[in-house]
1. Hey, fewest Cβ within 10 Å first, where do L64, L52 land in order?
2. How tilted is helix 41-54 with respect to the longest principal axis of the chain? Cα atoms for both, answer in degrees (0 to 90, nearest 10).
3. Starting from the Cα of E111, step 7 Å toward the Cβ, then list every residue of the stretch 71-105 with an amide N under 18 Å from that point.
4. Please tell me the relative contact order of the stretch 5-112 in percent, rounded to the nearest whole number, where contacts are Cα pairs under 8 Å and at least six residues apart.
5. What ranking do T107, T30 get, fewest neighbouring Cβ atoms within 10 angstrom at the top?
6. Sort V92, V78 so the one with the fewest other Cβ atoms within 10 Å of its own Cβ comes first.
7. Rg and Dmax of the chain over Cα atoms: what are they, in angstrom?
Amino acid sequence: MTPLSISELTTQDERWTATIEIPADTAYVTGHFPGEPILPGIAEIGLVLQVLERGGAPAVLTGLKSFRFRNPVRPGDVLQLELRPPGEQASVTFDLRRGDDRIANGTLFLEARGESA
């Protein structure tokens, strides 16, 4: 099994961008769905959290707002993720694309890892 790969990450002030490769042999698609594998939506959310961690802002998901899955992600896809890092509102607005196709977008509510509830 090959993990999802963040091959490029740029963190510039109010906009972070990442290139994410979905390996053809990733276990994330095993059984989802037989004969027509797609990346589960929860793994797409996990991509945003992985990018935050890699960019130095690890967080725990506490909620979703206006979240939309628009197109499926398949093994072999290369995705572009653009997000606004968490600020005072402790939320991240993101847009996940494959070329010109929007895959998912929305807002995640977060708590910085290590904060108590």
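1. L64, L52
2. The two axes meet at around 50 degrees.
3. 86-92
4. Values: 215 pairs, mean separation 30.9, N = 108.
Relative CO of the stretch 5-112 lands at 29 percent.
5. On the way: T107 17, T30 10.
Ascending Cβ contact count within 10 Å gives the list T30, T107.
6. V78, V92
7. For the chain, the Cα-based Rg and Dmax read 14.0, 44 Å.
No lab work stands behind these numbers, since they all come straight from the coordinates. This one's a predicted model, so the numbers in the text were calculated from it and none came from an experiment. In this analysis, Cβ positions are derived from the backbone assuming ideal geometry, glycine residues included, and neighbour counts consider all displayed protein chains.
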